[in-house]
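The values are calculated or read from the model by the stated rules, or taken from the named source; none is laboratory data. Just so it is clear, the structure is predicted and the values come from calculations on it, not from any experiment. Backbone-built Cβ (ideal geometry, glycine too); neighbour counts: all protein chains shown.
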Amino acid sequence: MDNKKTVIIAIITFLIGGLLSFIIVNRICDAKGEKPLPKQEKSEGLRGVYDIDKNVNDTTIDNYLDRSDTVYRDLRMLRDTATWEKKGGERDLTGFIEGFEVIPYPYLTEFPEAYVEQKKSENVTGLYKGKTLFRLDKDGNYVANYKESMDILEYLFPKDKYIFLICGAGGYANFAKQMLVSLGWDKDKIYNLGGYWFYEGKNNISTKIEGTDKYDFSKVPYHNIDFSSLTEIKK
């Protein structure tokens, strides 16, 4: 009988210990904001066409900041060459969401020709045509232009983290996600949040210099790619 009591007490102790551990772990997770992210779900309409997430996006991002398991990437240029103002957007990076690091998508790879033509039809011209880490071959595959291209990409977009992408309206972020997935990243860990132009949250950092039409880009956590220091792969 004593043995049975000992076994019962041991089982109860084990269950209580497990329950307490579960509560403690969940409280720690709550404190850090590390609750599981909502499963990806496309938005409806045009936002869905650009693969902007329905749950984690430019209107809800304030609920998902400061996660240690996530990196935050803004794909805009400090000063874009394209005429986005003709479509209600902005060329200049007038501000950004705190916690996001800026990595210009146009420096990662060239734009598909179909996209260039589409933008022209929308009265947007002047898309960046300078140097890029990768290029597209005739079959739509991403080909490295430099020996260091993949190392840079893996550094900027770590595979062991969730990756939140945002840009002006969602297009650059969509293309960046497609590129990363094509090159081996897990699509379920990459969220397209949409566009900063629609953000109305509490974590905005403006780059505008008050009383002028100029911007203080020194505030921006910006990743510049120095192509002159890279080793070009001969085509």
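Scanning the stretch 174-215 for residues that are within 17 Å of D92 (Cα to Cα) and not in a loop (DSSP other than H, G, I, E, B) yields G195, Y196, W197, F198, N204, I205, S206, K208, Y215. The number of residues in the stretch 37-83 being assigned to a strand (DSSP E or B) and under 14 Å from W197 (Cβ atoms) comes to 1. Here E113 clears all of (1) out of contact with any strand residue (DSSP E or B) (no Cβ under 9 Å at 6 or more places or on another chain); (2) modelled with pLDDT under 95 except the condition numbered (1). Residues in the stretch 129-154 that are among the acidic types (D, E) and part of a loop (DSSP other than H, G, I, E, B): 3 in all.
Here is a check on your reading of the model: is E117 of a type in the set (D, E, K, R), assigned to a helix (DSSP H, G or I) and out of contact with any Gly (no Cβ under 7 Å at 6 or more places or on another chain)? When the stated conditions are applied, E117 passes them. For first residues located in the stretch 141-153 and closer than 15 Å to W185 by Cβ, partners that are among the charged types (D, E, K, R) and surrounded by fewer than 18 Cβ atoms within 10 Å (Cβ to Cβ) and lie 6+ apart or on another chain with Cβ distances below 8 Å form the pairs Y142/R135.
Filter the stretch 54-76 for residues that are of a type in the set (D, E, K, R) and either under 15 Å from G171 (Cβ atoms) or at pLDDT below 95 (or both) and give the result. Within the stretch 54-76, D58, R73, D74, R76 qualify.
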